1. Which numbered condition in (1) farther than 13 Å from residue 164 by Cβ; (2) assigned to a loop (DSSP other than H, G, I, E, B); (3) modelled with pLDDT of 95 or more is the only one that residue 69 fails?
2. Of the conditions (1) under 20 Å from residue 47 (Cβ atoms); (2) surrounded by fewer than 20 Cβ atoms within 10 Å (Cβ to Cβ); (3) in contact (Cβ under 8 Å) with a residue 40 or more places away in the chain, residue 127 satisfies every one except a single condition; which number is it?
3. Answer yes or no as to whether residue 70 is in contact (Cβ under 8 Å) with a residue 40 or more places away in the chain and on the phi < 0 side of the Ramachandran plot.
4. Output yes when any residue across segment 122-137 is at pLDDT below 90 and not in a loop (DSSP other than H, G, I, E, B), and no when none is.
5. Here's a check for you: in segment 72-101, which residue that is crowded, with 18+ Cβ neighbours inside 10 Å and part of a loop (DSSP other than H, G, I, E, B) is farthest from the chain's Cα centre (by Cα)?
6. Can you pull out the residues in segment 49-63 that are modelled with pLDDT of 95 or more and in a loop (DSSP other than H, G, I, E, B)?
7. May I ask you to verify whether residue 63 is in the same structural domain as residue 108 (by TED's automatic domain parsing) and in contact with a strand residue (DSSP E or B) (Cβ under 7 Å, 6 or more places away or on another chain)?
8. Scan segment 74-97 for residues that are more than 18 Å from residue 161 (Cα to Cα) and in contact with a strand residue (DSSP E or B) (Cβ under 8 Å, 6 or more places away or on another chain) and jot them down.
C-alpha cells in the first residue's frame, strides 16, 4: 500500500478528484442540455410574440438565420438577431420586419450598458421609435433619420441604430438601397 505521506499518493489522490469532477460535470451537462435548449426556445418564442402578437407559428431557416412568422398559414413577417458593439460591450438585438420590409420593431435581448445611461436603450420609449420605419428612415435625426437619440447614451444608441439599418440591408436584398461601404 502507498504511504499517505508519499508524493505518489498525493498525485493519485488529486488525479482521482479531477477525474470524478470531470465525470460529474459531464453528466450534469448531458442532463441539463435538453432543459437549456427548451428554455432558449421558449425565450425566443416569447421574444417573437412580443414583436408579432398575432403569431401562430414560426419557422427558423438556420442557413439564413431568419425566423419567418406565420398567421393562418401565411407569412406575416420575419425576425432575426444581430449584435451591435455598444459602449459597455455587445448588444444583442432581435429585429422584426413586416412583409413590406418596414420595421415591426426591435427588442434588446441582452446588453452590458451602464444602468441609467446606455441601458435606456431597453426602454419602451426608445424601442417604439423604430416601429413602422423603412430602412431609409432608420437613422438618428441629426443624420436625417427619424430616431431621436438618448442624452448621455450616444454610443449605445448609434450602435443600435446603425446595426439595425445595416442588418436589414445585409439580410434582406433590398432594391434601391445603397449599401454603405
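The values are calculated or read from the model by the stated rules, or taken from the named source; none is laboratory data. Every value quoted in this text rests on a predicted model; they were computed, and no experiment measured them. Quick reminder, even Gly has a Cβ in these numbers, built from the backbone with ideal geometry, and neighbours come from all protein chains shown.
1. Going through (1) farther than 13 Å from residue 164 by Cβ; (2) assigned to a loop (DSSP other than H, G, I, E, B); (3) modelled with pLDDT of 95 or more one by one, residue 69 breaks only (2).
2. If we test residue 127 against (1) under 20 Å from residue 47 (Cβ atoms); (2) surrounded by fewer than 20 Cβ atoms within 10 Å (Cβ to Cβ); (3) in contact (Cβ under 8 Å) with a residue 40 or more places away in the chain, just (3) comes out false.
3. no
4. no
5. 87
6. 52, 53, 54, 55, 56
7. No; evaluated as a whole, the condition is false for this residue.
8. Result: 75, 76, 77, 78.
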